[in-house]
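The structure appears right after this line, and notes come after that.
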Amino acid sequence: MAKSLIALGALLLVAVCAPAEVLPEYTVHRATEPIEIDGRMTEPSWQNARPVGAFVFPWWTAGEKEPTDARMLWDDANLYVCFIAQDRHITATLTERDGPVSLDDCVEVFVAPEPANVKAYFNFEINALGTLLDRSPRNNRSKHWNAEGVQIAITCDGTRNDESDVDRSWTTEIAIPFLNFEGVATNLPPKDGDLWRLNLYRIGGRINAQFSVWSDTRTEKPSFHVPERFGVARFAMSPAKKPTGSKAE
């Protein structure tokens, strides 16, 4: 009995002292010029914004792990997100809003604008044609809710739905108006230093279907609806700067 109690105490001590698993963090810098949603991201703010970091492949079994470069910016009106997805075979056919776009090549933004209530999250899912599926915590995540004013632009370095050639990448540029988060977020627009929780995802299309994520959801099977595993986004009034001879910061 005494040995059992000692062992139990040791396990409890380990549990208490073990460091909490660190979530990925990203500083969302303020854009210094108007952002044109054209899928090209030629503005200096985009060029200076650093990538969020390598996406991970928690459920990988086979196939090429195609990288994704994602970045974020903001201004008084919008949260901006871009994805540059390397993709040898770009496929997308769905054109109806709120269709099952995750069956196509698709990128996704899940946002919880109030860190104290991460279960109140929004999701925006966009296929390689620019078709949008969106949900909010309102009305039991009803498909009848449509976000207002979302802008999306897609450019492809390759040809969609042509398996006879090899593509290179497709780029998604998104502007999500902050007004969509009214009643959930504490500050709109965010204030300097505000923290939001969010996650970024990518799903492959018909060929080499893959699931990749910014913050690992730690689930046995592919699952993106895990708000407690969303990463941390910190809003900064400062612009992103790229020092001479170094990568963007």
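The values are calculated or read from the model by the stated rules, or taken from the named source; none is laboratory data. Nothing here was measured: the structure is a model prediction, and the numbers come from that model. Note that we place each Cβ from the backbone using ideal geometry, even for glycine, and neighbour counts take in every protein chain shown. Surface areas here come from the heavy atoms of the whole protein model, side chains and all, with no ligands, DNA or RNA. Shrake-Rupley method; radii C 1.70, N 1.55, O 1.52, S 1.80 Å.
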Query - Total lysine pairs under 27 Å (Cα atoms) in the chain, excluding pairs fewer than 8 apart on one chain - result: 9
Report summary line: Expected field for S164, accessible surface area in Å² at 1.4 Å probe radius, rounded to 10, holds 110 Å²
Report task. Find the all-direction average of the projected area of the Cα convex hull for the chain, expressing the result in square nanometres with one decimal place. Result -> 17.1 nm²
Query raised in the report: How far is helix 2-17 tilted, in degrees, relative to the longest principal axis of the Cα atoms in the chain, given as a value from 0 to 90 rounded to the nearest 10?
Result: 30 degrees
Query raised in the report: Which sequence of W59, W170 reflects their accessible areas, 1.4 Å probe, from the largest down?
Result: W59, W170
Requested in this report: Whenever you get a sec, compute what percent of the accessible area on the chain sits on carbon and sulfur atoms (1.4 Å probe).
Outcome: 54 percent
Query raised in the report: How much net charge surrounds R202 when only the other residues with a Cβ under 10 Å from the Cβ of R202 are counted, with Lys and Arg +1 and Asp and Glu -1?
Result: -4
Requested in this report: Could you state the accessible area per residue of the chain in Å², with a 1.4 Å probe and every protein chain left in place?
Outcome: 50 Å²
**Report entry** For K242, solvent-accessible area (1.4 Å; no DNA, RNA or ligand), Å²
**Finding:** 100 Å²
Requested in this report: Enumerate by residue number the trypsin sites (Lys or Arg not before Pro) in region 168-221 meeting two conditions: DSSP loop (anything except H, G, I, E, B), and at most 14 other Cβ atoms within 10 Å of the site's Cβ.
Outcome: R168, K191, R218
Query raised in the report: What is the Cα radius of gyration of region 21-79 over 2.2 N^0.38 Å, N being its residue count?
Result: 1.40
Requested in this report: Only helical DSSP H runs with n ≥ 4 go in: add -39500 (n - 2.57) per run for the chain, normalise by residue count and round the 222 nm mean residue ellipticity to 500 deg cm²/dmol.
Outcome: -2500 deg cm²/dmol
